[in-house]
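Enquirer: Dumping the structure here so I can ask a few things about it.
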Amino acid sequence: MEIPRKKPLSRRGFCLCCVGGAAAAAAGAWPTPRQAFAEARGLVSLIKDSAAASPIVTHRLRDNITVLEGSGGTVAVLTGPDGKVLVDAGIGVSRPRLTRALAGLGADPITHLINTHWHFDHTDGNAWLNAAGAKIVAQENTRKYLSQVQRVEDWDYNFLPLSTGGVPTEVFASERSLRLNGSTVALKHYAPAHTDSDISVTFSEANVVHVADTFWNGVYPFIDYSTGGSIDGMIAASDANLAATTDDTIVIAGHGKAVGTRAELKEFRDMLVAVRERVAALKEQGRSRDETVAARPTAAFDAKFGNFVIDPGFFTRLVYQGV
Ligand SMILES: [Zn+2]
């Protein structure tokens, strides 16, 4: 989930874990994520409102690949005679701005949309993109979650099924290779990591890979245990990403700094491993989740990674849940 970085909202205004924190502190207890999120009702609307006001920033990578930043998860676009191929749809309210940004990449029609996973900040724009001409491709779990009421426990939120046009029609289990615009577009399902629907999208010839929400570049990640995510899965996906890239690879992150490098992937992976170790050690000593949060096992990383939606306390709770 993401709040676009150039946002009109101050982080303090909606910080997921600080909402209701004063009341909980007065009662001598940390809020559970559930309580914190219950008090953060309207968060999804807030993210949508923020996207509605956010500019779309265009990063031209190489060959015919471009990144569009500012509407939920990072969107990538492959242009050419086969039409525009989008990786992720952003938030629906960004439609006018995304339409303008896409028009700026040439006159080719929109023909394909690939969803990297089911989360709304990557799929909320599915319906309008389908109406604009995109055939939607995804891993089969993405179709499943987008076709039913899907709860995310840590957001205390039930996401409704997408309208028929927004649901992916072409699904696969583990791998799919497309040949579009002179490029090999390789789709690969991760073992459960951020969710159990995550895929990577590799533009082979250009050596560019969109690793979606298995990589939050320079910020603590959300991990969705409600649909199969786990800290160990995130670490395994990071290892897979490192194995699949070189120093020359352009690595597109789902959130945080959109256009990244293998070195940044490594830094993210090392942070995950270090925090996991510390949290596991505290849990093994018998510390409760609140005591573990109070011990600040992320302290060494907070200055760099702790300045986004998932704050140190919330990230610690997510790790604690999985060790
Ligand atoms: Zn996500």
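Enquirer: Hey, does the range 163-183 have a residue that's surrounded by fewer than 18 Cβ atoms within 10 Å (Cβ to Cβ) and within 16 Å of the ligand (Cβ to nearest atom)?
Expert: no
Enquirer: Go through the range 69-86 and give me each residue that's open to solvent by less than 10 Å² (accessible area, probe 1.4 Å), part of a strand (DSSP E or B) and within 16 Å of ASN217 (Cβ to Cβ).
Expert: VAL75, ALA76, listed by residue number.
Enquirer: Further question: Among the residues of the range 224-240, count how many are within 13 Å of the ligand (Cβ to nearest atom), in a helix (DSSP H, G or I) and crowded, with 23+ Cβ neighbours inside 10 Å.
Expert: 2
Enquirer: Given the range 101-155, what strands (runs of 3 or more DSSP E) lie entirely inside it while holding 3 or more residues that are modelled with pLDDT of 95 or more? Lay out the reasoning, then the answer.
Expert: Values: elements: 110-114, 135-139, 150-152.
Strands (runs of 3 or more DSSP E) meeting the threshold: 110-114, 135-139.
Enquirer: Condition first: under 16 Å from LEU178 (Cβ atoms) and among the β-branched types (Val, Ile, Thr). Now tell me which residues in the range 121-137 satisfy that.
Expert: Within the range 121-137, ILE136, VAL137 meet the criteria.
Enquirer: Next up: Only one residue in VAL273, VAL323 is part of a loop (DSSP other than H, G, I, E, B) and either open to solvent by 30 Å² or more (accessible area, probe 1.4 Å) or under 24 Å from ILE47 (Cβ atoms) (or both). Which one?
Expert: After ruling out the rest, the residue left standing is VAL323.
Enquirer: Among what's in the range 31-68 and is part of a loop (DSSP other than H, G, I, E, B) and open to solvent by less than 60 Å² (accessible area, probe 1.4 Å), pick the residue that is modelled with the lowest pLDDT.
Expert: By that ranking, first place goes to PRO31.
Enquirer: Given the options PRO297, PRO221, name the one that is assigned to a loop (DSSP other than H, G, I, E, B) and within 16 Å of the ligand (Cβ to nearest atom).
Expert: PRO221
Enquirer: For the range 254-268, give me the residue count where each residue is open to solvent by 60 Å² or more (accessible area, probe 1.4 Å) and part of a helix (DSSP H, G or I).
Expert: Going through the range 254-268 one residue at a time, the tally reaches 4.
Enquirer: If only one of VAL251, VAL211 is in contact with a strand residue (DSSP E or B) (Cβ under 9 Å, 6 or more places away or on another chain), open to solvent by less than 60 Å² (accessible area, probe 1.4 Å) and away from the ligand (no atom under 16 Å from the Cβ), which one is it?
Expert: VAL251
Enquirer: For residues that are of a type in the set (S, T, N, Q), open to solvent by less than 40 Å² (accessible area, probe 1.4 Å) and away from the ligand (no atom under 16 Å from the Cβ), tally how many sit in the range 89-147. Let's see the steps before the verdict.
Expert: Step one: filter the range 89-147 for residues of a type in the set (S, T, N, Q), giving 94, 99, 111, 115-116, 123, 126, 130, 139, 141-142, 147.
Within this subset, residues satisfying the condition of being open to solvent by less than 40 Å² (accessible area, probe 1.4 Å) are 94, 111, 115-116, 123, 126, 139, 141-142.
Filter again for away from the ligand (no atom under 16 Å from the Cβ), leaving 94, 111.
Residues flagged as of a type in the set (S, T, N, Q), open to solvent by less than 40 Å² (accessible area, probe 1.4 Å) and away from the ligand (no atom under 16 Å from the Cβ) within the range 89-147 amount to 2.
Enquirer: Given the criterion small (Gly, Ala, Ser) and free of Cβ contacts under 8 Å to residues at least 24 places away in the same chain, identify the matching residue among SER163, SER200, SER177.
Expert: Details: SER163 fails: free of Cβ contacts under 8 Å to residues at least 24 places away in the same chain; SER200 fails: free of Cβ contacts under 8 Å to residues at least 24 places away in the same chain.
From the options SER163, SER200, SER177, the qualifying one is SER177.
Enquirer: Go through the range 184-208 and count every residue that is crowded, with 21+ Cβ neighbours inside 10 Å, more than 9 Å from the ligand (Cβ to nearest atom), polar (S, T, N, Q) and outside any strand (DSSP E or B).
Expert: Going through the range 184-208 one residue at a time, the tally reaches 1.
The values are calculated or read from the model by the stated rules, or taken from the named source; none is laboratory data. Small disclaimer: the values here were computed from a predicted structure and weren't measured. Every residue, glycine among them, receives a Cβ derived from its backbone with ideal geometry; neighbour counts consider all protein chains shown. Areas reflect the complete protein model, heavy atoms only, side chains present, ligands, DNA and RNA absent. Shrake-Rupley method; radii C 1.70, N 1.55, O 1.52, S 1.80 Å.
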